[in-house]
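Everything below concerns the one structure shown next.
The values are calculated or read from the model by the stated rules, or taken from the named source; none is laboratory data. Computed from a prediction, not measured in an experiment: that's the story for all the values here. Backbone-built Cβ (ideal geometry, glycine too); neighbour counts: all protein chains shown. Side chains are part of the model used for accessible areas, which takes the heavy atoms of the whole protein and leaves out ligands, DNA and RNA. Shrake-Rupley method; radii C 1.70, N 1.55, O 1.52, S 1.80 Å.
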Amino acid sequence: MTETLHRRAEPFPLASPRLTAGERWRRARLTFFGRVLGAAVRLAGRHPATWRWSARRHHPVLDLLAAANARAGCALAALDVPAYRAYLRARPAGVRRRLRDFPETDKVGYVVPFDAAKRCRGGRLPERGVVVDESAGSSGRPFNWPRGERELRAVHRDIVGYTSLVFPMRRPFVINAYSMGAWATGTTTGAAMARIAVVKNTGPDLGKIVDTFREFGPDFDYLVTAYPPFLKHLRDRLDADGFDWSRHRIFASCGGEGMTEALRGYLEERFLKVRSAYGASDLTIGIGAETRFTVWLRRRLRSDPELRAALLGGDEQRLPMVFQYNPLATYLETNERRELLCTITGPDVLQPRLRYNVGDEALLVDYPRILDLVRGDPRRWAECRAALASERMTLPVLLLFGRRDSTVSYLGANLYPQDVEYGLYAGNPYAAEISRFCLALAEDATLETRPVVHLELRRPLPGSQREALAVACRSGVLRHLAAVSRDFAQSLTEDPAAGDLRIELHEPGAGPFAGQQKIKNIYLVG
């Protein structure tokens with residue numbers, strides 16, 4: 001995977017920009033349809049009040065319109081975007097009448113072969129009004145994602161509308177503790193929140209946040225935006241300082257990785273409310289978000305086997321994150337492997353994302369279907385109605401299980417088993433003692449979540465050699481991750497706790513390796 005992303009794929013022959021008369025007429029019709037629908041969506045989101053009104057009145061009929069818009073967006077991109085036009089010509093499939101007739105796209109097959117300009121409408125980057133976000137997972141290659149001015153305004157409207165619905169604040173003050181720089185989440189969040197609140201972009205700096213509370217005091221309602229582990233660091237730091245939580249109203253919004261309900265409960269002992277959002281630098285930071293209803297549903301799935309089986313399937317043991325999303329803004333579908341496909345088009349989108357596979361496993365469920373399942377039990381229905389009393393949205397539901405590409409997300413950085421393996425073996429004098437490894441995220445008794453590398457030993461070792469092996473592996477993995485992942489390196493500079501990677505040694509066939517066949521290794525464990 002790492003080598004594939006570094007290597008420039010053989011370029012597709014870019015199609016001629018000349019269109020036939022029939023193609024020009026088709027492009028005009030598709031453009032008109034997109035502009036009319038785009039204008040309606042912009043009108044609905046122009047003010048936080050209209051955004052809330054439309055989110056509370058979404059009807060399943062609009063899902064059909066959203067699907068038609070996604071299909072029209074793919075058809076228009078086939079005429080307007082040189083990279084996509086070439087991509088389709090390399091995959092002939094006859095007349096594409098339905099959305100699923102258009103092929104999936106992803107980083108390796110679509111982003112890597114074509115430069116950023118060729119993936120833009122008209123095959124060029126505008127000379128002004130463009131903001132470039134950067135993503136760099138542990139694959140080691142940075143990817144750049146240009147966004148136009150009107151596109152960013154649409155993202156800002158969604159963030160502002162959701163925030164005003166879920167976090168009703170009297171005098172809002174946003175402390176933006178996401179990583180700053182060329183990363184989409186931090187910079188976009190700060191710019192969006194400035195429309196409705198006083199904003200301080202502290203980044204993940206505990207000292208600056210503590211100083212902010214001291215300087216501005218309890219006269220404001222605070223919203224802290226950060227990665228989930230950082231919120232726990234903040235709570236623990238304020239507790240240690242003797243901070244008077246009772247005199248302040250502090251909410252929290254997080255994203256970048258999953259969050260357990262145990263951690264949410266721990267945080268909500270201090271924060272008035274904690275909600276999570278879902279997004280990706282490849283796509284947009286505002287794909288989906290939690291409400292009181294989705295939090296209730298997730299907790300109910302954990303304790304209600306009947307509802308869990310009906311919604312997730314009888315054999316599913318994982319507990320997904322649960323979000324609601326607007327299909328008119330980001331149209332979602334899943335393929336036969338339950339991988340999430342996202343289509344973001346419209347006249348405001350500079351680089352259309354077309355059935356883009358980001359690698360997350362998910363289920364999509366209509367809001368009315370969930371209500372139908374819940375109504376079957378009176379107690380369950382009473383709890384649901386109480387959850388719907390506030391923050392109510394009738395948008396469809398995204399049940400997200402996480403990455404299918406064998407990654408663990410921690411403090412906004414994706415940790416790949418391939419890079420962990422490199423760190424374990426490169427220059428390690430004890431590498432011969434390692435039989436297998438697997439990667440996990442573990443939450444300890446203090447509700448701290450840390451990446452754990454489990455190592456299966458080839459043979460029993462005395463205590464001194466076990467300790468030396470663990471030290472060599474830990475330093476090697478941290479050194480390599482910091483070298484190949486800009487996100488992980490940034491996390492180390494901003495939050496020293498990011499380097500708290502655990503190494504656990506197991507005897508042959510013990511621990512998470514018990515019962516595993518050795519023909520094919522399992523690299524991720526729950």
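Membrane-span-like helices in the chain (whole DSSP H runs, Cα extent of at least 18 Å along the helix axis, mean Kyte-Doolittle hydropathy of at least 0.0): 21-44, 61-80, 463-484.
Taking one quarter of the surface of the convex hull spanned by the alpha-carbon atoms of the chain gives a direction-averaged projected area of 26.4 nm².
Of all beta bridges that DSSP places with both ends in the chain, some 60 percent have antiparallel geometry.
The heavy atoms of GLU23 offer some 50 square angstrom of accessible surface to a 1.4 angstrom probe.
For ARG353, the amide hydrogen comes within under 5 Å of the amide hydrogens of ILE344, counting only partners 5 or more places away or on other chains and with H modelled in the peptide plane. Once the chain from ALA21 to HIS47 is taken as fully extended at 0.36 nm per residue, the excess over their C-alpha distance is 5.3 nm.
How many percent of all Cα-Cα pairs in the range 216-320 sit more than 22 Å apart? Distances greater than 22 Å cover 41 percent of the Cα pairs. If you count Lys pairs in the chain whose Cα atoms are under 25 Å apart, skipping same-chain pairs closer than 8 places in sequence, the total is 7. For the range 423-526, DSSP calls about 60 percent of its internal beta bridges antiparallel.
For the range 409-484, with every protein chain kept in place, what is the accessible area per residue (1.4 Å probe, Å²)? If you can, show how the numbers build up before the last one.
Working: 3060 Å² over 76 residues.
Heavy-atom accessible area per residue stands at 40 Å².
Multiplying the residue separation of ARG91 and ALA489 by 0.36 nm and removing their Cα-Cα distance gives an extension gain of 139.4 nm. Length available on full extension from ARG100 to ARG502: 0.36 nm per residue minus the Cα-Cα distance, which gives 140.4 nm. In this calculation the C-beta distance from GLU261 to ALA28 is compared with R0 = 60 Å, giving a FRET efficiency of 0.75.
Solvent-accessible area of the chain (1.4 angstrom probe, protein heavy atoms only): carbon and sulfur portion equals 53 percent. With R₀ fixed at 25 Å, the C-beta to C-beta distance from TYR425 to ARG337 puts the FRET efficiency at about 0.25. Using heavy atoms of the protein chains and a probe of 1.4 Å, the accessible area assigned to MET259 is about 10 Å². Quarter the surface of the alpha carbon convex hull of the range 433-524 and you get the mean projected area, 7.0 square nanometres. Take the Cβ atoms of ASP115 and ARG150, set R0 to 25 Å, and the FRET efficiency comes out at 0.65.
Considering the dipole of the range 298-347 built from charges on the beta carbon (Lys and Arg +1, Asp and Glu -1) around the Cα centre, which of PRO347, TYR331, PRO320 is farthest to its positive end? Farthest along the dipole direction, towards plus: PRO320.
With a simple spin-label model that places each label point 7 Å from the Cα along the Cα-to-Cβ direction, the separation between ALA442 and VAL36 comes to 5.9 nm.
Students often get this wrong: which residues of the range 411-446 have the backbone nitrogen under 19 Å from the point 7 angstrom along Cα-to-C-beta of SER475? Counting backbone N atoms under 19 Å from the label point, the list is 420-434. Here the convex hull built on the C-alpha positions of the range 147-263 has a volume of 110 cubic angstrom per residue.
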